[in-house]
């Protein structure tokens with residue numbers, strides 16, 4: 001069982017995201033939260049899943065020098081991919097509106113990358129989930145942004161919030177991946193690590 005295999009490690013989740021913290025707790029793991037401020041800038045030549053993999057690695061590298069023998073750090077990054085473009089977190093209300101309009105009536109991909117790093121090794125992987133939005137009315141978009149303030153979310157939405165309940169018609173893949181951590185895959189990769 002995963003919990004037994006990880007007894008030798010002190011797990012560190014390098015994320016301020018309350019959603020990621022809640023999801024990792026769901027695996028029954030004990031961990032501490034440590035974060036470092038890093039600029040999430042990636043080379044413009046990166047495409048699709050290369051972006052979150054690069055950023056998850058970047059976040060892990062910030063811990064490289066100080067990791068103890070028995071520590072394992074988990075970092076993650078999520079992007080929304082539509083029309084061959086990446087949507088990050090919106091800077092303000094008008095950008096949030098623009099993003100949701102772009103997602104409205106279409107499907108897009110949510111790609112979450114995870115990096116596991118110990119003193120001895122580093123391993124990265126990613127998971128992709130396809131999400132289908134219905135046509136969203138302007139009032140729905142504005143109501144959601146005003147009431148849920150999705151400024152800390154890639155693509156300007158949280159599937160686990162009101163917009164997910166009324167706007168998402170279906171998904172193909174891991175639901176938890178869209179929330180912020182691909183739990184099934186993470187469980188398997190931690191067991192192998």
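General remarks:
- Among 150, 18, 182, the largest mean-square fluctuation in a Gaussian network model of the chain, built with springs joining Cα atoms closer than 10 Å, belongs to 18.
- Counting other Cβ atoms within 10 Å as a rough exposure proxy, the listed residues 170, 34 run 170, 34 from fewest neighbours to most.
- For the chain, a Gaussian network of Cα nodes joined below 10 Å ranks 67, 181, 100 by mean-square fluctuation, and the top entry is 67.
- Compared with the dominant Cα axis of the chain, that is its longest principal axis, helix 138-148 is turned about 40°.
- Its relative contact order, with pairs defined as Cα atoms under 8 Å and 6+ residues apart, puts the range 2-192 at 23 percent.
- Fewest-first sequence of 108, 123 by Cβ atoms within 10 Å of each Cβ: 123, 108
- Rounded tilt (10° steps) of 183-192 against the dominant C-alpha axis of the chain: 20 degrees
- Residues 101, 16, 89, ranked from the fewest to the most other C-beta atoms within 10 Å, line up as 16, 101, 89.
- Candidates 75, 115, 35, ranked by Gaussian network fluctuation over the chain, Cα under 10 Å, top entry: 35
- Simple spin-label estimate for residue 119 and residue 169 in nanometres, 7 Å along Cα-Cβ: 5.4 nm
Any read-out appearing in this document is the output of simple, stated calculations on the displayed coordinates, not a laboratory observation. Computed from a predicted structure; not experimentally measured. As a convention, Cβ positions derive from the backbone with ideal geometry for all residues, glycine included, and neighbour counts pool all protein chains shown.
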